[in-house]
Amino acid sequence: MTRAQRTTRACQAGAFLSAASAGYSLTWHPWLAVPGLVGAGFLLWAAASTHGAGDRRADLHERLHDAASSDAALLDTDQPPRSAA
């Protein structure tokens, strides 16, 4: 599991707990749920942002790996080295 995936899962779990506490606070007074819902929204935004960054990093890694393997295929020759003389 990558660092971005761990951060995404942690933010999602925090958002769930924040929304659950907002639901419990809602039983006392409706305005008490607002901070929990705002916190849950922020954590979900952070999770989506981190998930997107992780996907971009994985795509970049895949493209660099493909470029390196194609370069290796182009530079791989079975010819003996030429002499400078």
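Remarks
- Neighbours by Cβ (under 7 Å, 6+ apart or cross-chain): first from the range 39-54, touching a residue at least 40 places away in the same chain (Cβ under 8 Å); second outside any helix (DSSP H, G or I) and of a type in the set (S, T, N, Q): Gly54/Thr2
- For the range 1-57, a residue qualifies if it is assigned to a helix (DSSP H, G or I) and either touching a strand residue (DSSP E or B) at 6+ places or on another chain (Cβ under 9 Å) or among the hydroxyl-bearing types (Ser, Thr, Tyr) (or both), and the qualifying residues are Thr7, Thr8, Ser18, Ser21, Tyr24, Ser25, Ser49, Thr50.
- Qualifying residues in the range 1-37 (those that are at pLDDT below 95 and aromatic (Phe, Trp, Tyr)) - the one least open to solvent (accessible area, probe 1.4 Å): Tyr24
- Inside the range 38-65, residues that are at pLDDT 90 or above and surrounded by fewer than 17 Cβ atoms within 10 Å (Cβ to Cβ) make up a count of 6.
The values are calculated or read from the model by the stated rules, or taken from the named source; none is laboratory data. Being a predicted model, the structure only gives us computed values, none of them experimental. With ideal geometry, Cβ positions are generated from the backbone for all residues, glycine too; neighbour counts draw on all protein chains shown. Only protein heavy atoms, including side chains, enter the accessible area calculation; ligands, DNA and RNA are left aside. Shrake-Rupley method; radii C 1.70, N 1.55, O 1.52, S 1.80 Å.
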